[in-house]
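Visitor: Submitted below is the structure of interest, expressed as C-alpha coordinates.
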Amino acid sequence: MTWLITGGAGYIGAHVVRAMTAAGEAVVVYDDLSTGIAERVPDGVPLVVGSVLDAERLARTLTGHRVTGVVHLAARKQVGESVELPLQYYRENVEGLRVLLEAVTAAGVPSFVFSSSAAVYGTPDVDLVTEETPCVPMSPYGETKLAGEWLVRATGRATGLATASLRYFNVAGAGSPELADTGVTNLVPMVFEKLTEGAAPRVFGDDYPTPDGTCVRDYIHVLDLAEAHVAAARALRSAPGHTLTLNIGRGEGVSVREMIDLINATTGHDRAPAVAPRRPGDPANVVASAERAATELGWKAKYDVQDMITSAWAGWVRLHPEAARA
Ligand code: WQD
(Lines give C-alpha, C1' and ligand atoms only; values in the text may rest on other atoms or scores of the structure.)
Protein backbone atom coordinates (compact mmCIF):
# COMPACT_ATOMS: atom_id res chain seq x y z
CA MET A 1 0.00 0.00 0.00
CA THR A 2 1.00 3.64 -0.37
CA TRP A 3 0.07 5.92 2.53
CA LEU A 4 -0.29 9.68 2.25
CA ILE A 5 0.79 11.22 5.53
CA THR A 6 -0.52 14.75 5.88
CA GLY A 7 1.50 16.74 8.39
CA GLY A 8 4.36 14.28 7.84
CA ALA A 9 6.96 17.05 8.28
CA GLY A 10 5.69 17.81 11.78
CA TYR A 11 6.97 16.48 15.10
CA ILE A 12 4.52 13.58 15.37
CA GLY A 13 4.20 13.10 11.60
CA ALA A 14 7.96 12.63 11.13
CA HIS A 15 7.84 9.77 13.64
CA VAL A 16 4.80 8.23 11.93
CA VAL A 17 6.59 8.41 8.55
CA ARG A 18 9.56 6.50 9.97
CA ALA A 19 7.44 3.89 11.73
CA MET A 20 5.41 3.26 8.57
CA THR A 21 8.47 2.94 6.32
CA ALA A 22 10.18 0.68 8.87
CA ALA A 23 7.04 -1.49 8.76
CA GLY A 24 7.49 -1.83 5.00
CA GLU A 25 4.79 0.61 3.85
CA ALA A 26 5.37 3.09 1.03
CA VAL A 27 4.69 6.68 2.15
CA VAL A 28 4.25 10.12 0.62
CA VAL A 29 4.30 13.24 2.80
CA TYR A 30 1.84 16.09 2.23
CA ASP A 31 2.58 19.19 4.30
CA ASP A 32 2.19 22.95 3.85
CA LEU A 33 5.38 23.51 5.91
CA SER A 34 3.63 26.16 8.01
CA THR A 35 4.99 24.48 11.13
CA GLY A 36 6.50 21.39 9.49
CA ILE A 37 10.18 21.19 8.54
CA ALA A 38 11.17 19.72 5.15
CA GLU A 39 14.43 18.28 6.62
CA ARG A 40 12.34 15.97 8.81
CA VAL A 41 11.20 14.05 5.71
CA PRO A 42 13.66 11.19 5.13
CA ASP A 43 15.56 10.79 1.85
CA GLY A 44 13.59 8.75 -0.62
CA VAL A 45 10.18 9.80 0.73
CA PRO A 46 8.37 12.17 -1.66
CA LEU A 47 7.29 15.50 -0.12
CA VAL A 48 4.35 17.33 -1.68
CA VAL A 49 4.16 20.90 -0.36
CA GLY A 50 0.50 21.80 -0.22
CA SER A 51 -2.45 22.70 1.94
CA VAL A 52 -5.26 20.32 2.87
CA LEU A 53 -7.57 23.10 1.66
CA ASP A 54 -6.18 22.69 -1.88
CA ALA A 55 -8.60 20.18 -3.43
CA GLU A 56 -6.88 20.03 -6.79
CA ARG A 57 -3.41 19.39 -5.44
CA LEU A 58 -4.83 16.71 -3.14
CA ALA A 59 -6.63 14.99 -6.03
CA ARG A 60 -3.48 15.06 -8.16
CA THR A 61 -1.37 13.70 -5.31
CA LEU A 62 -3.76 10.86 -4.46
CA THR A 63 -3.99 9.64 -8.06
CA GLY A 64 -0.43 10.52 -9.10
CA HIS A 65 1.08 8.50 -6.25
CA ARG A 66 -1.62 5.77 -6.36
CA VAL A 67 -2.39 6.36 -2.70
CA THR A 68 -4.32 3.57 -0.99
CA GLY A 69 -4.53 4.96 2.55
CA VAL A 70 -4.29 8.32 4.33
CA VAL A 71 -2.98 9.19 7.79
CA HIS A 72 -4.21 12.71 8.46
CA LEU A 73 -2.18 14.67 11.00
CA ALA A 74 -2.03 18.12 9.36
CA ALA A 75 -3.80 20.50 11.75
CA ARG A 76 -3.41 23.44 14.08
CA LYS A 77 -2.95 22.17 17.62
CA GLN A 78 -2.62 24.91 20.21
CA VAL A 79 -5.46 25.09 22.68
CA GLY A 80 -4.85 28.72 23.75
CA GLU A 81 -4.42 29.95 20.19
CA SER A 82 -7.68 28.24 19.20
CA VAL A 83 -9.56 30.42 21.69
CA GLU A 84 -8.16 33.52 19.93
CA LEU A 85 -8.50 32.18 16.37
CA PRO A 86 -11.54 29.88 16.27
CA LEU A 87 -12.33 30.63 12.61
CA GLN A 88 -8.82 29.66 11.54
CA TYR A 89 -8.99 26.45 13.61
CA TYR A 90 -12.36 25.42 12.15
CA ARG A 91 -11.13 26.28 8.65
CA GLU A 92 -7.90 24.27 8.82
CA ASN A 93 -9.01 21.42 11.09
CA VAL A 94 -12.62 20.90 9.98
CA GLU A 95 -12.88 22.40 6.49
CA GLY A 96 -9.41 21.06 5.64
CA LEU A 97 -10.53 17.58 6.74
CA ARG A 98 -13.79 17.89 4.73
CA VAL A 99 -11.88 18.84 1.57
CA LEU A 100 -9.45 15.97 2.14
CA LEU A 101 -12.27 13.44 2.70
CA GLU A 102 -13.94 14.61 -0.50
CA ALA A 103 -10.71 13.98 -2.42
CA VAL A 104 -10.17 10.64 -0.65
CA THR A 105 -13.65 9.31 -1.45
CA ALA A 106 -13.53 10.64 -5.04
CA ALA A 107 -10.23 8.83 -5.57
CA GLY A 108 -11.62 5.62 -4.04
CA VAL A 109 -8.96 5.45 -1.31
CA PRO A 110 -10.16 2.74 1.12
CA SER A 111 -8.48 3.60 4.49
CA PHE A 112 -8.25 6.72 6.65
CA VAL A 113 -6.52 7.26 10.01
CA PHE A 114 -7.40 10.51 11.79
CA SER A 115 -5.33 12.28 14.41
CA SER A 116 -7.69 13.15 17.28
CA SER A 117 -6.98 14.21 20.83
CA ALA A 118 -7.86 13.65 24.48
CA ALA A 119 -8.98 17.29 24.24
CA VAL A 120 -12.33 15.90 22.97
CA TYR A 121 -13.12 14.82 26.56
CA GLY A 122 -12.72 18.27 28.12
CA THR A 123 -12.68 17.85 31.92
CA PRO A 124 -13.65 14.22 32.42
CA ASP A 125 -14.95 13.38 35.88
CA VAL A 126 -13.56 9.83 35.97
CA ASP A 127 -10.31 8.19 37.10
CA LEU A 128 -9.77 6.43 33.77
CA VAL A 129 -11.18 7.87 30.56
CA THR A 130 -12.70 5.22 28.28
CA GLU A 131 -13.87 5.85 24.73
CA GLU A 132 -17.43 5.85 26.15
CA THR A 133 -16.71 8.75 28.51
CA PRO A 134 -18.83 11.71 27.32
CA CYS A 135 -17.04 14.15 25.04
CA VAL A 136 -17.40 17.75 26.22
CA PRO A 137 -14.51 19.69 24.66
CA MET A 138 -13.49 22.86 26.48
CA SER A 139 -11.75 24.70 23.63
CA PRO A 140 -12.29 25.38 19.93
CA TYR A 141 -9.29 23.09 19.33
CA GLY A 142 -11.05 20.20 21.10
CA GLU A 143 -14.27 21.02 19.27
CA THR A 144 -12.56 20.80 15.88
CA LYS A 145 -11.16 17.37 16.79
CA LEU A 146 -14.57 16.09 17.92
CA ALA A 147 -16.30 17.54 14.83
CA GLY A 148 -13.52 15.91 12.80
CA GLU A 149 -14.26 12.51 14.35
CA TRP A 150 -17.95 12.91 13.46
CA LEU A 151 -17.09 13.86 9.89
CA VAL A 152 -14.73 10.89 9.54
CA ARG A 153 -17.27 8.45 11.01
CA ALA A 154 -20.18 9.76 8.93
CA THR A 155 -18.09 9.54 5.75
CA GLY A 156 -17.14 5.98 6.64
CA ARG A 157 -20.78 5.02 7.13
CA ALA A 158 -21.86 6.66 3.89
CA THR A 159 -19.05 5.44 1.64
CA GLY A 160 -17.53 2.33 3.22
CA LEU A 161 -14.24 4.15 3.92
CA ALA A 162 -12.50 2.27 6.78
CA THR A 163 -11.60 4.82 9.48
CA ALA A 164 -9.74 5.08 12.77
CA SER A 165 -9.71 8.12 15.05
CA LEU A 166 -6.79 8.03 17.47
CA ARG A 167 -7.25 10.14 20.59
CA TYR A 168 -3.70 11.07 21.62
CA PHE A 169 -3.07 11.80 25.28
CA ASN A 170 0.02 13.90 26.27
CA VAL A 171 2.74 13.23 23.71
CA ALA A 172 6.42 13.63 24.67
CA GLY A 173 9.88 12.33 23.79
CA ALA A 174 11.74 11.90 20.51
CA GLY A 175 12.92 8.98 18.39
CA SER A 176 16.19 10.81 17.77
CA PRO A 177 17.44 14.31 18.71
CA GLU A 178 16.78 15.77 15.21
CA LEU A 179 13.13 14.73 15.42
CA ALA A 180 12.38 16.36 18.78
CA ASP A 181 9.49 18.78 19.16
CA THR A 182 10.73 22.30 18.39
CA GLY A 183 7.67 23.94 20.00
CA VAL A 184 7.71 25.12 23.60
CA THR A 185 4.00 24.73 24.29
CA ASN A 186 3.83 21.68 26.56
CA LEU A 187 5.03 20.80 30.05
CA VAL A 188 8.31 19.02 29.22
CA PRO A 189 9.82 21.69 26.89
CA MET A 190 8.46 24.48 29.11
CA VAL A 191 10.32 23.03 32.10
CA PHE A 192 13.48 22.57 29.96
CA GLU A 193 13.26 26.23 28.95
CA LYS A 194 13.06 27.45 32.54
CA LEU A 195 15.99 25.25 33.62
CA THR A 196 18.04 26.52 30.68
CA GLU A 197 17.31 30.11 31.72
CA GLY A 198 18.41 29.26 35.25
CA ALA A 199 14.86 29.90 36.46
CA ALA A 200 12.40 27.83 38.48
CA PRO A 201 10.00 25.62 36.50
CA ARG A 202 6.39 26.60 37.06
CA VAL A 203 3.59 24.45 38.44
CA PHE A 204 0.23 25.82 37.33
CA GLY A 205 -1.77 25.19 40.48
CA ASP A 206 -1.00 22.91 43.43
CA ASP A 207 -4.46 22.80 44.99
CA TYR A 208 -6.12 20.31 42.65
CA PRO A 209 -7.92 17.29 44.14
CA THR A 210 -5.04 14.95 43.23
CA PRO A 211 -2.54 13.09 45.46
CA ASP A 212 0.09 15.90 45.42
CA GLY A 213 -2.24 18.74 44.43
CA THR A 214 -0.85 19.09 40.88
CA CYS A 215 -2.53 18.00 37.65
CA VAL A 216 -2.23 14.37 36.57
CA ARG A 217 -1.79 13.44 32.90
CA ASP A 218 -1.12 10.35 30.80
CA TYR A 219 2.18 10.90 28.95
CA ILE A 220 2.87 8.80 25.86
CA HIS A 221 6.18 8.45 24.00
CA VAL A 222 5.99 9.67 20.41
CA LEU A 223 7.60 6.37 19.29
CA ASP A 224 4.75 4.40 20.88
CA LEU A 225 2.23 6.79 19.35
CA ALA A 226 3.80 6.28 15.91
CA GLU A 227 3.52 2.49 16.31
CA ALA A 228 -0.17 2.90 17.15
CA HIS A 229 -0.62 4.48 13.69
CA VAL A 230 1.07 1.51 12.04
CA ALA A 231 -1.21 -0.87 13.96
CA ALA A 232 -4.32 1.16 13.07
CA ALA A 233 -3.32 1.35 9.39
CA ARG A 234 -2.88 -2.44 9.32
CA ALA A 235 -6.18 -3.06 11.13
CA LEU A 236 -8.07 -0.96 8.58
CA ARG A 237 -6.52 -2.72 5.63
CA SER A 238 -8.37 -5.90 6.46
CA ALA A 239 -11.62 -4.21 7.56
CA PRO A 240 -13.46 -2.27 4.85
CA GLY A 241 -16.22 -0.08 6.28
CA HIS A 242 -14.92 -0.50 9.82
CA THR A 243 -14.77 2.49 12.22
CA LEU A 244 -12.45 2.55 15.22
CA THR A 245 -12.19 5.23 17.93
CA LEU A 246 -9.28 4.61 20.28
CA ASN A 247 -7.50 6.23 23.19
CA ILE A 248 -3.74 6.24 22.71
CA GLY A 249 -2.19 6.53 26.15
CA ARG A 250 -0.36 4.41 28.71
CA GLY A 251 -3.16 4.16 31.23
CA GLU A 252 -0.89 5.60 33.91
CA GLY A 253 -1.16 9.00 35.55
CA VAL A 254 1.89 11.14 36.37
CA SER A 255 1.58 14.45 38.23
CA VAL A 256 3.21 17.73 37.17
CA ARG A 257 5.33 17.65 40.34
CA GLU A 258 6.51 14.10 39.58
CA MET A 259 7.40 15.16 36.05
CA ILE A 260 9.41 18.15 37.25
CA ASP A 261 11.24 16.02 39.84
CA LEU A 262 12.14 13.50 37.15
CA ILE A 263 13.25 16.24 34.72
CA ASN A 264 15.47 17.80 37.41
CA ALA A 265 17.04 14.42 38.20
CA THR A 266 17.53 13.47 34.54
CA THR A 267 19.09 16.77 33.48
CA GLY A 268 21.30 17.25 36.53
CA HIS A 269 19.35 20.15 38.02
CA ASP A 270 17.86 20.69 41.43
CA ARG A 271 15.43 23.56 40.92
CA ALA A 272 12.39 23.57 43.17
CA PRO A 273 9.32 24.51 41.13
CA ALA A 274 7.53 27.80 41.72
CA VAL A 275 3.79 27.57 42.21
CA ALA A 276 1.92 29.76 39.73
CA PRO A 277 -1.85 30.26 39.48
CA ARG A 278 -4.01 27.59 37.87
CA ARG A 279 -4.22 27.81 34.08
CA PRO A 280 -7.85 28.37 33.07
CA GLY A 281 -9.52 25.24 31.72
CA ASP A 282 -6.93 22.72 32.98
CA PRO A 283 -8.62 19.50 34.14
CA ALA A 284 -7.23 17.94 37.35
CA ASN A 285 -6.88 14.42 36.05
CA VAL A 286 -6.86 13.00 32.50
CA VAL A 287 -5.68 9.40 32.26
CA ALA A 288 -6.61 6.97 29.48
CA SER A 289 -7.99 3.54 29.71
CA ALA A 290 -5.75 1.97 27.06
CA GLU A 291 -7.67 -1.30 26.94
CA ARG A 292 -9.56 -0.84 23.71
CA ALA A 293 -6.40 -0.12 21.71
CA ALA A 294 -4.84 -3.25 23.20
CA THR A 295 -7.85 -5.37 22.26
CA GLU A 296 -8.52 -3.89 18.82
CA LEU A 297 -4.95 -3.34 17.65
CA GLY A 298 -2.82 -5.52 19.89
CA TRP A 299 -0.93 -2.28 20.61
CA LYS A 300 0.53 -1.30 23.96
CA ALA A 301 2.98 1.43 24.96
CA LYS A 302 6.53 0.20 25.60
CA TYR A 303 8.30 3.34 26.79
CA ASP A 304 8.00 5.04 30.18
CA VAL A 305 8.19 8.65 31.29
CA GLN A 306 11.93 8.38 31.94
CA ASP A 307 12.47 7.40 28.28
CA MET A 308 10.41 10.40 27.17
CA ILE A 309 12.37 12.87 29.28
CA THR A 310 15.80 11.47 28.38
CA SER A 311 15.08 11.52 24.63
CA ALA A 312 13.36 14.93 24.73
CA TRP A 313 16.34 16.40 26.61
CA ALA A 314 18.79 15.09 23.98
CA GLY A 315 16.73 16.93 21.36
CA TRP A 316 16.52 20.07 23.49
CA VAL A 317 20.31 20.22 24.02
CA ARG A 318 20.86 19.82 20.29
CA LEU A 319 18.72 22.92 19.62
CA HIS A 320 19.88 24.83 22.71
CA PRO A 321 23.53 23.92 23.31
CA GLU A 322 23.69 26.38 26.21
CA ALA A 323 21.31 24.03 28.08
CA ALA A 324 24.12 21.53 28.61
CA ARG A 325 25.95 24.14 30.71
CA ALA A 326 22.92 25.53 32.57
C1 WQD B 1 0.33 19.40 31.14
C2 WQD B 1 0.16 19.80 32.59
C3 WQD B 1 -0.38 22.11 32.94
C4 WQD B 1 3.54 23.76 31.75
C5 WQD B 1 -2.58 19.97 25.92
C6 WQD B 1 -3.84 19.92 25.13
C7 WQD B 1 -4.01 18.56 24.56
C8 WQD B 1 -2.82 18.16 23.74
C9 WQD B 1 -1.60 18.22 24.59
C10 WQD B 1 -2.67 18.89 21.43
C11 WQD B 1 -1.02 20.74 32.83
C12 WQD B 1 0.95 21.76 33.56
C13 WQD B 1 2.45 22.93 32.00
C14 WQD B 1 4.23 24.37 32.85
C15 WQD B 1 2.71 23.29 34.37
N16 WQD B 1 -2.64 19.07 22.67
N17 WQD B 1 2.04 22.70 33.29
N18 WQD B 1 3.77 24.10 34.11
O19 WQD B 1 -2.80 20.96 28.79
O20 WQD B 1 -2.56 18.52 29.44
O21 WQD B 1 -2.75 19.14 27.05
O22 WQD B 1 -1.50 19.53 25.14
O23 WQD B 1 -2.83 18.04 20.67
O24 WQD B 1 -5.13 18.56 23.76
O25 WQD B 1 -4.94 20.26 25.94
O26 WQD B 1 -0.68 19.64 28.21
O27 WQD B 1 1.74 19.92 28.39
O28 WQD B 1 0.28 21.99 28.30
O29 WQD B 1 0.26 20.58 30.33
O30 WQD B 1 2.32 23.11 35.53
O31 WQD B 1 5.19 25.14 32.69
O32 WQD B 1 1.31 20.53 32.98
O33 WQD B 1 -1.08 23.02 33.76
O34 WQD B 1 -1.59 20.39 34.06
P35 WQD B 1 -2.27 19.61 28.49
P36 WQD B 1 0.47 20.58 28.75
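The values are calculated or read from the model by the stated rules, or taken from the named source; none is laboratory data. Source: prediction; values computed, not measured. Heads up, the Cβs are rebuilt from the backbone with ideal geometry, glycines too, and the neighbour counts pull from every protein chain shown. Just the protein is used for accessible areas: all its heavy atoms, side chains included, with ligands, DNA and RNA removed. Shrake-Rupley method; radii C 1.70, N 1.55, O 1.52, S 1.80 Å.
Visitor: Considering only residues of segment 167-181 that are within 11 Å of the ligand (Cβ to nearest atom) and not basic (Lys, Arg), which is nearest to Ser111 (Cα to Cα)? Walk me through it before giving the result.
Guide: Pass one, segment 167-181, residues within 11 Å of the ligand (Cβ to nearest atom): 167-172, 181.
Now drop any that are not not basic (Lys, Arg), which leaves 168-172, 181.
Values: Tyr168: 19, Phe169: 23, Asn170: 26, Val171: 24, Ala172: 27, Asp181: 28 Å.
This residue is Tyr168.
Visitor: Every residue in segment 235-266 that is of a type in the set (S, T, N, Q) and either within 15 Å of the ligand (Cβ to nearest atom) or open to solvent by less than 70 Å² (accessible area, probe 1.4 Å) (or both), please.
Guide: So the first thing to find is which residues in segment 235-266 are of a type in the set (S, T, N, Q), and the list is 238, 243, 245, 247, 255, 264, 266.
If the condition is that a residue be of a type in the set (S, T, N, Q) and either within 15 Å of the ligand (Cβ to nearest atom) or open to solvent by less than 70 Å² (accessible area, probe 1.4 Å) (or both), then Thr243, Thr245, Asn247, Ser255, Asn264, Thr266 are the ones that fit.
Visitor: Between a first residue in segment 259-276 that is touching a residue at least 60 places away in the same chain (Cβ under 8 Å) and a second residue that is near the ligand (Cβ under 10 Å from one of its atoms) and open to solvent by 80 Å² or more (accessible area, probe 1.4 Å), which pairs have beta carbons less than 6 Å apart while being 6 or more apart in sequence or on different chains?
Guide: From segment 259-276, the pairs are Ala274/Arg202; Ala276/Arg202.
Visitor: Regarding segment 182-204, can at least one residue be identified that is within 16 Å of the ligand (Cβ to nearest atom), assigned to a strand (DSSP E or B) and of a type in the set (Ser, Thr, Tyr)?
Guide: The answer is no; no qualifying residue exists.
Visitor: While we're on this one: For segment 211-224, give me each residue that is within 10 Å of the ligand (Cβ to nearest atom) and either over 24 Å from Tyr11 (Cβ atoms) or in contact with a helix residue (DSSP H, G or I) (Cβ under 7 Å, 6 or more places away or on another chain) (or both).
Guide: Passing the criteria: Thr214, Cys215, Tyr219.
Visitor: Among residues belonging to segment 125-151 that are within 12 Å of the ligand (Cβ to nearest atom) and outside any helix (DSSP H, G or I), point out the one that is most open to solvent (accessible area, probe 1.4 Å).
Guide: Taking the candidates together, the pick is Met138.
Visitor: May I ask you to list the residues in segment 14-37 that are at negative phi and either in contact with an Asp or Glu (Cβ under 7 Å, 6 or more places away or on another chain) or assigned to a loop (DSSP other than H, G, I, E, B) (or both)? If you could, list the steps in order and put the result at the bottom.
Guide: Residues of segment 14-37 that are at negative phi, as a first pass: 14-23, 25-32, 34-37.
Answer for segment 14-37, where residues must be at negative phi and either in contact with an Asp or Glu (Cβ under 7 Å, 6 or more places away or on another chain) or assigned to a loop (DSSP other than H, G, I, E, B) (or both): Ala19, Ala23, Glu25, Asp32, Ser34, Thr35, Gly36, Ile37.
Visitor: Something else about it: If a residue has to be open to solvent by less than 50 Å² (accessible area, probe 1.4 Å) and hydroxyl-bearing (Ser, Thr, Tyr) to count, how many in segment 28-55 make the cut?
Guide: Qualifying residue count, segment 28-55: 2.
Visitor: Something else about it: Do you know which residues across segment 100-124 are within 16 Å of the ligand (Cβ to nearest atom) and either in contact with a Lys or Arg (Cβ under 7 Å, 6 or more places away or on another chain) or under 17 Å from Thr2 (Cβ atoms) (or both)? Spell out the reasoning first.
Guide: Pass one, segment 100-124, residues within 16 Å of the ligand (Cβ to nearest atom): 113-124.
Residues satisfying the conditions are Val113, Ser116, Ser117, Ala118, Ala119, Val120.
Visitor: Quick one: in segment 285-297, which of the residues that are among the hydrophobic types (A, V, I, L, M, F, W, C) and buried (at least 18 other Cβ atoms within 10 Å of the Cβ) is nearest to the ligand (Cβ to nearest atom)?
Guide: The first filter runs over segment 285-297 and keeps only residues among the hydrophobic types (A, V, I, L, M, F, W, C), leaving 286-288, 290, 293-294, 297.
Now narrow it down to the ones that are buried (at least 18 other Cβ atoms within 10 Å of the Cβ): 286-288, 290, 293, 297.
Details: Val286: 6, Val287: 11, Ala288: 12, Ala290: 17, Ala293: 17, Leu297: 20 Å.
The residue in question is Val286.
Visitor: For segment 78-99, check the following and say yes or no: at least one residue is over 17 Å from the mean Cα position of the chain (by Cα), away from the ligand (no atom under 16 Å from the Cβ) and open to solvent by less than 70 Å² (accessible area, probe 1.4 Å).
Guide: Taking every residue of segment 78-99 in turn, at least one turns out to be over 17 Å from the mean Cα position of the chain (by Cα), away from the ligand (no atom under 16 Å from the Cβ) and open to solvent by less than 70 Å² (accessible area, probe 1.4 Å).
Visitor: Within segment 152-176, take every residue that is in a helix (DSSP H, G or I) and open to solvent by less than 50 Å² (accessible area, probe 1.4 Å) and give me the one that is nearest to Gly13 (Cα to Cα). Spell out how you get there, then give the answer.
Guide: In the first step, residues of segment 152-176 are kept if they are in a helix (DSSP H, G or I); the result is 152-159.
Then drop every residue that is not open to solvent by less than 50 Å² (accessible area, probe 1.4 Å), which leaves 152, 155-156.
On the way: Val152: 19, Thr155: 23, Gly156: 23 Å.
Among residues in segment 152-176 that are in a helix (DSSP H, G or I) and open to solvent by less than 50 Å² (accessible area, probe 1.4 Å), the one nearest to Gly13 (Cα to Cα) is Val152.
Visitor: Between residues in segment 132-145 that are over 19 Å from Arg279 (Cα atoms) and residues that are basic (Lys, Arg) and within 8 Å of the ligand (Cβ to nearest atom), which pairs lie under 8 Å by C-beta distance while being six or more apart or on different chains?
Guide: Hits for this filter: zero, empty list.
Visitor: While we're looking at this one, here's another question. Quick one: in segment 243-258, of everything that is assigned to a loop (DSSP other than H, G, I, E, B) and either touching a residue at least 60 places away in the same chain (Cβ under 8 Å) or over 28 Å from Ser115 (Cα atoms) (or both), which residue is farthest from the chain's Cα centre (by Cα)?
Guide: The qualifying residue farthest from the chain's Cα centre (by Cα) is Gly251.
Visitor: Additional query: What helices (runs of 4 or more DSSP H), lying completely within segment 45-89, carry at least 3 residues that are under 19 Å from Asn186 (Cα atoms)? Show your work before the answer.
Guide: On the way: elements: 55-64, 79-84, 86-89.
Those helices (runs of 4 or more DSSP H) span 79-84.
Visitor: Test of understanding: among Ala9, Ala14, which residue is without any contact (Cβ under 8 Å) to a residue 40 or more places away in the chain, under 21 Å from the mean Cα position of the chain (by Cα) and open to solvent by less than 60 Å² (accessible area, probe 1.4 Å)? Steps first, answer last, please.
Guide: Working: Ala14 fails: without any contact (Cβ under 8 Å) to a residue 40 or more places away in the chain.
On inspection, the qualifying residue turns out to be Ala9.
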